[in-house]
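Working notes for the structure below.
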Amino acid sequence: MKAGVGLLSALALFLLMGAVFTQRPRPKKPSRRPATTKKPVVAKPVVPKPVFPKPVVPAQPEPQEPTDFPPPILGPPSMYADCPRECLCSPSYPNSLNCENRNIRVVPVIPGRTHYLYLQNNYISEVKAESFVNASEVRWINLANNRIHRIDKQVFEKVPSLLYLYVHRNQLKEVPPGLPASLEQLRLGRNHISKIPAGAFSKMMNLTLLDLYHNQLSDSDLGRNMFKDLKNLMQLNLAHNILKKMPDGVPNGLIQLFLDRNRIDDIPKDYFKGFNHLAFVRLNYNQLSDKGVPKAVFNISSLLDLQLSHNQLASVPLFNSHLEHLHLDHNSIESINGTLICPLPPQGLQAIQSDDSLVPKLRYLRLDGNHLNPPIPLDVIMCFRHLHSIVI
């Protein structure tokens, strides 16, 4: 009996402990909704667009005028029916045609009443005869600062009375042929001229000024007879070329001779013989030394202004008592002797002390850039008593 009761108690205890161990706690209800998982992004396949060939465009012709030039300037209608729109015709000057600074490329047709033609500072590249078919009265043509590389020979047949022709600052490679014999002034400076056709200046008896400054002329381009017909020439400008010799056949009636910036190293002894009116000689920036300059070559009674700057002279050349300006700066002169260079009259030093009209006329003397040191030698002061300025 006691054994049965003990077995029942053990069984009840076992069942109670199993119920305790098998009971699970309830999970708490979440306070937030769990985040949902994003679906993966699947890239869409790229479908290439169909390529169609571009239509073939026919090549356009090159423009007739450079596209970087500004357009021509057209003025208002003129009271003169024959006045080109790209020019100005003033009632105050009915014989003038003003076409400068108008951006024009072609010379317009010139009215027959025109005497003075201004075409400078444009973009003209060629001058043709068609523009001058009615221009027989033209006396003055200014074509400076254009891009001219050619002038038709027939142009000058249309203007038989032309007096002044200015074609400086252009692109000419030779002196234009067929120049009219009536010309008085011809300016061809700052071109690319390396050729002068035979007879270019023939029969030009009226020419007084010939400017060939800043070109590419050599000794072979200036023949002995090149200037023979220029009997009335007063100014010849051959500066800034490539000459090694003094030009031959220069008319002895010349007043001004400019030969700066060449390569001249020798002057013939009698080069200036017979020049009775020569007043201005410029030979700056050449290669002259004492060897190439005869001592008395510049002893010319008419000479007023002599410029020999930037050469290789070691001594002062002799000059006439009438000389007023002497430029000898930037040479190799180490000393100056007033007694030797003083252009005394035959009567000697005492004559100029008693007669002021015999005193040398030198007023300006430039000697800087040499190997000289002040003070000025006293004999220089005693001789050249009219000196107003001396640079040393």
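The values are calculated or read from the model by the stated rules, or taken from the named source; none is laboratory data. Owing to the predicted nature of the structure, the values given are computational and were not obtained by experimental measurement. Here Cβ is always computed from backbone atoms with ideal geometry, including for glycine, and neighbour counts include all displayed protein chains.
If you check K361 against the conditions, is it of a type outside the set (D, E), over 37 Å from the mean Cα position of the chain (by Cα) and modelled with pLDDT of 90 or more?
Yes, satisfied.
I want to confirm something. Restricting to the stretch 78-108 and keeping residues that are of a type in the set (S, T, N, Q) and in a strand (DSSP E or B), which single residue is farthest from K158 (Cα to Cα)?
Top of the filtered list is N98.
Say we look at the stretch 85-99 and pick out the residues that are within 16 Å of S131 (Cα to Cα), modelled with pLDDT of 95 or more and of a type outside the set (A, V, I, L, M, F, W, C); which of these is farthest from the chain's Cα centre (by Cα)?
The extreme case among them is S96.
Does N206 satisfy the condition of being buried (at least 17 other Cβ atoms within 10 Å of the Cβ) and out of contact with any helix residue (DSSP H, G or I) (no Cβ under 9 Å at 6 or more places or on another chain)?
So N206 does not fit the description; no.
List every residue pair whose Cβ atoms sit under 6 Å apart, with the two residues 6 or more apart in sequence or on different chains, where the first one lies in the stretch 371-392 and is more than 12 Å from T339 (Cβ to Cβ) and surrounded by fewer than 10 Cβ atoms within 10 Å (Cβ to Cβ) and the second, anywhere, is at pLDDT 90 or above and of a type outside the set (K, R).
Within 6 Å, the pairs are S389/Y364.
Could you tell me which of the residues V155, V138 is more than 18 Å from L230 (Cα to Cα), touching a helix residue (DSSP H, G or I) at 6+ places or on another chain (Cβ under 9 Å) and in a loop (DSSP other than H, G, I, E, B)?
V138
Would you check which residues across the stretch 109-120 are part of a loop (DSSP other than H, G, I, E, B), crowded, with 18+ Cβ neighbours inside 10 Å and not β-branched (V, I, T) and list them?
The answer is P111, L119, Q120.
Residue check: is D305 of a type in the set (D, E) and surrounded by 18 or more Cβ atoms within 10 Å (Cβ to Cβ)?
Here the answer is no, as D305 does not meet what is asked.
Restrict the check to the stretch 324-334 and report whether at least one residue is at pLDDT below 95 and crowded, with 19+ Cβ neighbours inside 10 Å.
no
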